[in-house]
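Below is one structure, written out as structure tokens, with a few remarks after it.
The values are calculated or read from the model by the stated rules, or taken from the named source; none is laboratory data. What you see is a predicted model, and the numbers here were worked out from it, not measured in a lab. With ideal geometry, Cβ positions are generated from the backbone for all residues, glycine too; neighbour counts draw on all protein chains shown.
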Amino acid sequence: MPNPDPTPSEVRFAAVADLHYGRHDPESLRPLLDDITASADALLLCGDLTDHGLPDEARGLAREIRQRLRMPVVAVFGNHDHESLQAPELQTILADAGVTVLDGDACDVLGVGVAGIKGFCGGFGPRALGAWGEAMIKQFVQEAIGEALKLETALARVSSPNRLAILHYAPVASTVEGEPLEIYPFLGSSRLEEPLNRYPVQAVFHGHAHHGRPEGRTTKDVPVFNVSLPLLRRVQPERPFRLFTVKV
């Protein structure tokens, strides 16, 4: 008789954002990386890896990753990583340490497809900024639309039935609740939600909202996790990263 189908294996993903390497003593990051090494099979970094987007900051983070992690690492950049207009150099530095930085593309991680973009702001739902009026407003809105299209393209490239998405900006308002209402439009855009509802995605991870909520869902019930390190250090200090398991 044929052998029964083998039990699906599991891939444990750790996800965290807003390391802001360069702002704090590097030693404060080491226990986090050690805990991730002991708990996960792969790491997802959801932007603001550095504090000012400086090559020296990226080199320091790359050194810590080389020394403390023995697993696939996939990342997207955040707004802080673009501050010094040197994102291409940062990407090269991190790639030399084995980090795959996504920007509108996807990669396979132990049988799971991971799609990634930075995302952009613009607000949520009926209060989202519309492309009407001054040319500068239209350019601003077009940036959010462009990021959503990049996410759709990245998700379409994933051939695996198992899909994860990583962003820096939030695709839903529920995970930024707790931040001042005045800055909601600068924390994400519901335009990013549309491709996440269109493709079968098992989970979405983002950062940026340091004072938001750790969990939310899209309108199609896709789980969304805010994995900002400052947030997780407050709500679950014993394990300040999200652990998510995918069966493959």
Inside segment 113-153, can you point out the residues that are at pLDDT below 95, out of contact with any Leu (no Cβ under 9 Å at 6 or more places or on another chain) and among the hydrophobic types (A, V, I, L, M, F, W, C)? A128, L129, A131, W132, M136
In segment 58-74, anything more than 19 Å from the chain's Cα centre (by Cα) and more than 9 Å from G98 (Cα to Cα) is listed as R59, G60, R63, E64, Q67, R68, R70
Quick one: count up the residues across segment 101-142 that are part of a helix (DSSP H, G or I) and either of a type outside the set (A, V, I, L, M, F, W, C) or within 14 Å of the chain's Cα centre (by Cα) (or both). 6
From the residues in segment 98-136 that are more than 30 Å from R217 (Cβ to Cβ) and of a type outside the set (A, V, I, L, M), which one is surrounded by the most Cβ atoms within 10 Å (Cβ to Cβ)? G98
H208 being touching a Gly at 6+ places or on another chain (Cβ under 8 Å), crowded, with 17+ Cβ neighbours inside 10 Å, on the phi > 0 side of the Ramachandran plot and in contact (Cβ under 8 Å) with a residue 60 or more places away in the chain: yes
Mind telling me which of the residues A128, A106, A62, A154 ends up being under 24 Å from A170 (Cα atoms) and either polar (S, T, N, Q) or in contact with an Asp or Glu (Cβ under 9 Å, 6 or more places away or on another chain) (or both)? A154
Being at pLDDT 95 or above and out of contact with any Leu (no Cβ under 7 Å at 6 or more places or on another chain): is that true of G98 here? yes
Note down all Cβ pairs under 8 Å where the first residue falls in segment 67-88 and is at positive phi and at pLDDT 95 or above, the second is surrounded by 15 or more Cβ atoms within 10 Å (Cβ to Cβ) and not in a helix (DSSP H, G or I), and they're at least six residues apart or on different chains. L85/G53
Among the residues of segment 166-196, which ones are under 14 Å from E147 (Cβ atoms) and without any contact (Cβ under 8 Å) to a residue 40 or more places away in the chain? E193
